[in-house]
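Right, one structure below, let's go through it.
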Amino acid sequence: MQLTVLGRYAPYPAPGGACSGYLIQNGETSIMLEAGNGSFSRLCKHIDFRYLAAVVITHLHPDHYMDIFCLRHAIAGAIREKKRPGPLALFMPGSPAEEYQRLAQYTDTFIINKIEDMPTVNLTAGVQVHRCRVGMLQLEFALNRHPVPAYAVGIDCGRGRMVFSGDTSRTKELEELARGADLFLCEASGLDKDVEFVRGSHLTARQAGQLAKDAGVRKLLITHLYPEYNINELSIQAGEGYGKTVAVAKEDAKYDIKNA
Ligand SMILES: [Zn+2]
Ligand SMILES: [Zn+2]
């Protein structure tokens with residue numbers, strides 16, 4: 001399984017950059033995970049969008065879904081021109097209602113899958129996740145702590161497993177979902193001085209590192225970066241929390257995810 005970073009910034013992109021967007025590929029199965037501002041253009045540098053199997057949006061904040069409106073026209077055009085057999089599976093939370101309805105109306109383009117409606121399984125005692133399959137990949141969604149309903153996502157191909165934090169402050173659910181992951185793609189939205197500002201909605205770089213350490217992940221890749229901040233400073237604070245060197249997500253960079 002391979003991860004390609006399409007965008008790493010929030011809540012607005014740095015010059016020439018893009019907001020949250022990731023391409024996950026495993027054999028014939030390609031998933032666009034998040035569709036933040038500028039991510040669709042970058043997706044097209046790496047694959048033909050007509051072959052996407054699904055798009056997954058962790059929550060309905062603009063820096064995570066705005067390019068759905070680009071994707072909608074691209075997919076509708078491909079269906080019209082018979083270059084794609086049918087609509088694209090779209091996974092997203094069912095609220096806030098106004099944002100959800102705006103996307104859910106595009107039934108000619110998307111097959112809407114509300115995350116809340118998917119079957120639940122017990123990950124560990126007291127920790128439940130929603131589970132589904134897309135092609136060769138198993139997806140698990142754990143509820144986050146964020147101002148709007150939001151999810152973290154675990155993606156397993158059988159020979160490797162990655163977990164994406166989405167946007168959240170620290171939760172037991174995320175720690176359990178991330179446990180032992182081959183790659184943990186985790187938001188690092190602030191520096192130590194931002195602890196109060198992010199409380200209840202995001203993780204600082206150091207908190208991301210501490211969570212990764214406690215969850216025993218094999219590799220930590222930080223993302224969701226505030227464009228005004230020094231990447232090196234974020235990376236140092238995350239590394240101090242993790243107790244090991246961390247990697248910083250970089251647009252167009254590819255990461256192989258496989259079991260040790
Ligand atoms: Zn965000
Ligand atoms: Zn958010």
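The values are calculated or read from the model by the stated rules, or taken from the named source; none is laboratory data. Computed from a predicted model, the values in this text were never measured in an experiment. Cβ atoms come from the backbone with ideal geometry, glycine included; neighbour counts cover every protein chain shown. Accessible surface is based on the protein model in full, side chains and every heavy atom, while ligands, DNA and RNA are left aside. Shrake-Rupley method; radii C 1.70, N 1.55, O 1.52, S 1.80 Å.
Values computed for the structure shown
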quantity: First in segment 211-233 and closer than 21 Å to residue 36 by Cα, second anywhere and part of a loop (DSSP other than H, G, I, E, B) and among the polar types (S, T, N, Q), Cβ under 9 Å, 6 or more apart; calculated: 223/20; 223/165; 224/20; 224/165; 224/189; 225/189; 226/189
quantity: Restricting segment 235-254 to residues that are buried (at least 19 other Cβ atoms within 10 Å of the Cβ) and within 10 Å of residue 6 (Cα to Cα), the residue that is nearest to the chain's Cα centre (by Cα); calculated: 249
quantity: Evaluation of residue 194 against (1) part of a helix (DSSP H, G or I); (2) touching a Leu at 6+ places or on another chain (Cβ under 6 Å) (one fails), failing number; calculated: (2)
quantity: Any hit, segment 196-218, residues being charged (D, E, K, R), more than 22 Å from residue 11 (Cβ to Cβ) and either buried (at least 17 other Cβ atoms within 10 Å of the Cβ) or touching a Phe, Trp or Tyr at 6+ places or on another chain (Cβ under 9 Å) (or both); calculated: yes
quantity: Within segment 234-258, tally of residues that are in a helix (DSSP H, G or I) and farther than 23 Å from residue 36 by Cβ; calculated: 6
quantity: Filter result for residue 146 (touching a residue at least 24 places away in the same chain (Cβ under 8 Å) and open to solvent by 20 Å² or more (accessible area, probe 1.4 Å)); calculated: yes
quantity: Selection within segment 149-189 - outside any strand (DSSP E or B), charged (D, E, K, R) and open to solvent by less than 10 Å² (accessible area, probe 1.4 Å); calculated: 167
quantity: Test for residue 215: is it under 19 Å from the mean Cα position of the chain (by Cα), of a type in the set (A, V, I, L, M, F, W, C) and within 16 Å of ligand 1 (Cβ to nearest atom); calculated: no
quantity: Boolean, residue 236 is touching a strand residue (DSSP E or B) at 6+ places or on another chain (Cβ under 6 Å) and more than 16 Å from ligand 1 (Cβ to nearest atom); calculated: no
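Yes/no per residue for (1) within 12 Å of residue 59 (Cα to Cα); (2) modelled with pLDDT of 95 or more; (3) within 16 Å of ligand 2 (Cβ to nearest atom):
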residue: 130; (1), (2), (3): no, yes, no
residue: 147; (1), (2), (3): yes, yes, yes
residue: 154; (1), (2), (3): no, yes, no
residue: 167; (1), (2), (3): yes, yes, yes
residue: 171; (1), (2), (3): no, yes, yes
residue: 187; (1), (2), (3): no, yes, yes
